[in-house]
Amino acid sequence: MKKYSVVIAGGGSTYTPEIVCTLLNHLDRFPLRQIKLYDNDKDRQDQLAKACEILVREADPEIKFLATVDPKEAYTDVDFCLAHIRVGQLKMRESDEKIALKHGCVGQETCGAGGITYGMRSIPGVLENLDYMEKYSPNAWMLNYSNPAAIVAEATRRFRPNSKIINICDMPIGLEDCIASIAGLDDRKEMDVRYFGLNHFGWWSDIRDKEGNDLMPKVKAYMMDNGFVSPAMISSQKEYSWADTYRKVKDIVALDPDYIPNSYFKYYLFPDYVVSHSNPDYTRANEVMDGREKEVFTACKEIAGKGTAKGSYLAITNHATFIVDLCVALANNTHERMLLIVPNNGAIENFADDAMVEIPCLVGRNGYEPLSIGKIPTFQKGLMEQQIAVEKLVVDAWEQKSYNKMWQAYSLSRCVPSVTVAKELLDDYIAANKDYWPELK
Ligand code: NAD
Ligand code: G6P
Ligand code: MN
């Protein structure tokens, strides 16, 4: 079996150690000869790299390990790039969220004003990494988690249409774990699903077990009362903000009981509720810095200090499993059905061809083949048309360095109440993002 070489871009990410662990747990399906970490912040990456090196050595000393901030070294001789960069890091996420709340708007990583702002920072970072990959390893695949995935995907579709990049999201995967638990199944892979929408903006239209039995009635009835607060989720003890998001889904199901919605609709459909339940001085970015970031960096420091990973704890989630499953599908030509963010090109019959949509695809050695979705209903189509326009306007604004396009993007978002507020937001975000955004004219 061929052995692969992988680079993780955004090596200093809180998700890097769990992805390294998961790669090492799946060597029988996806054999490796090399794992590299690449980041543009040496100090941050180094805090995780020593622990990752130990994990690799203890799993298989023949796998080469390297952590570097040199793009050439990172991207030379790789088959896959697993990318999860955060341009501006968590401090800028905090800024995105708090500026929005200051203006009475939803303060969220990928939705509304925060996501639009983050998009403008993220586009050049992802393009830069894609260009390094194509320069040094032109045959490699980039599997990209970097957010805001919808805007990043539109940028890569438009500016690098021939690149081997697949943009992905783990949210439907996590929610499918809940759905499986609600349906009384042990594993989401015991289901076949139909899903359509945009990233963080989609719906399940059909869920069946492997015998073809329709699970939707049972799941919807449960969700009417509990949202996604499933038996499995209760035992996983999510933080307050996520628990609230999962619970609030029952109000989204009430609006359209025909579909099961992605939990992110909370931000688009109930922005007033979200703002009134947010603390403008302590947002999700603060929760992550005090929670996941601290836990991962502390665990890695401990592993590096002891010189062994034995006895240390690193949480592994479906986030890592999904991206490794995608590597396996591409490497081994499995034709597994997976939700990906891809150009529509007719898959949703009554939606724009040039929209990046999140739909089921079959994945094999030569990439993905989207499944046909057919026509979607008026409510979903209307919401998606407004949101895709927001995403396209951000990419227009970045390309043309246009103040007005960016103002239009904020104005069109369901999470921003008026054009006046949109302008106030934009002016504050320009000041806060001067190190990251192009100068807008
Ligand atoms: P993090 O801040 O801990 O890590 C991101 C790393 O990227 C940092 O070490 C940073 O220095 C590095 N980085 C920034 N710009 C870079 C560049 N141009 N080149 C190389 N490295 C660069 O962030 P995190 O919380 O671990 O999340 C990482 C990313 O993954 C974020 O974009 C997050 O939104 C995304 N994410 C996406 C999904 C999804 O469903 N698509 C799920 C989880 C996380
Ligand atoms: C979900 C989403 C991601 C998001 C992640 C982490 O998995 O799909 O896009 O980045 O949650 O959110 P958090 O608030 O925990 O950083
Ligand atoms: Mn996501």
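No lab work stands behind these numbers, since they all come straight from the coordinates. A quick note: this is a predicted structure, and the numbers were derived from the prediction, not measured. Neighbour counts run over all protein chains shown; Cβ positions are idealised from the backbone, glycine included.
Scoring 43-49, 434-440 by mean Cβ neighbours within 10 Å over their residues and listing the highest first yields 43-49, 434-440. Neighbour counts of C-beta atoms inside 10 Å place 233, 191 in the sequence 191, 233, starting with the fewest. Entry note, the chain: relative contact order of 18 percent, from Cα contacts under 8 Å with a spacing of 6+ residues. Listed peptides 91-97, 28-34 appear in the order 91-97, 28-34 once ranked by packing, highest mean of other Cβ atoms within 10 Å at the front.
Which of the three applies to the chain, rounded, prolate or oblate, going by the alpha-carbon gyration tensor with a ≥ b ≥ c and a/c under 1.5 meaning rounded? Show your work: numbers first, answer last.
On the way: a/c = 1.37, a/b = 1.16, b/c = 1.18.
Note, shape of the chain comes out rounded.
The GNM of the chain, with springs linking C-alpha atoms under 10 angstrom apart, assigns the highest mean-square fluctuation among 274, 249, 419 to 419. For the range 237-323, the set of chymotrypsin sites (Phe, Trp or Tyr not before Pro) satisfying both a DSSP loop assignment and a count of at most 16 other C-beta atoms within 10 Å is given as 313.
Taking label points 7 Å from Cα along the Cα-to-Cβ direction, residue 70 and residue 2 give a separation of 2.7 nm. Can you bin the range 29-75 into rounded, prolate or oblate? Criterion: square roots of the alpha carbon gyration tensor eigenvalues sorted a ≥ b ≥ c, rounded for a/c under 1.5, prolate for a/b above b/c, oblate for the rest. Verdict is oblate for the range 29-75. Put simply, when 135-143, 170-178, 110-118, 391-399 are sorted by average Cβ atoms within 10 angstrom per residue, most first, you get 110-118, 391-399, 170-178, 135-143. The alpha carbon centroids of the range 329-378 and the range 152-225 are separated by 12 Å. What is the range 247-343 by shape, rounded, prolate or oblate, if you read a ≥ b ≥ c off the alpha carbon gyration tensor as root eigenvalues and call it rounded for a/c under 1.5, prolate for a/b larger than b/c, and oblate otherwise? Oblate, because a/c is 1.5 or more while a/b does not exceed b/c. Computed extension length for residue 385-residue 369: 3.4 nm, one decimal, from 0.36 nm per residue of separation with the Cα-Cα distance subtracted. Residue 98: which lysines have alpha carbons under 29 Å from its alpha carbon, excluding same-chain residues fewer than 8 sequence positions away? Output for residue 98: 42, 238, 248, 250, 266, 294, 392, 401, 405, 423, 434, 441. The label point for residue 225 and the one for residue 209, both projected 7 Å from the Cα toward the Cβ, are 2.1 nm apart.
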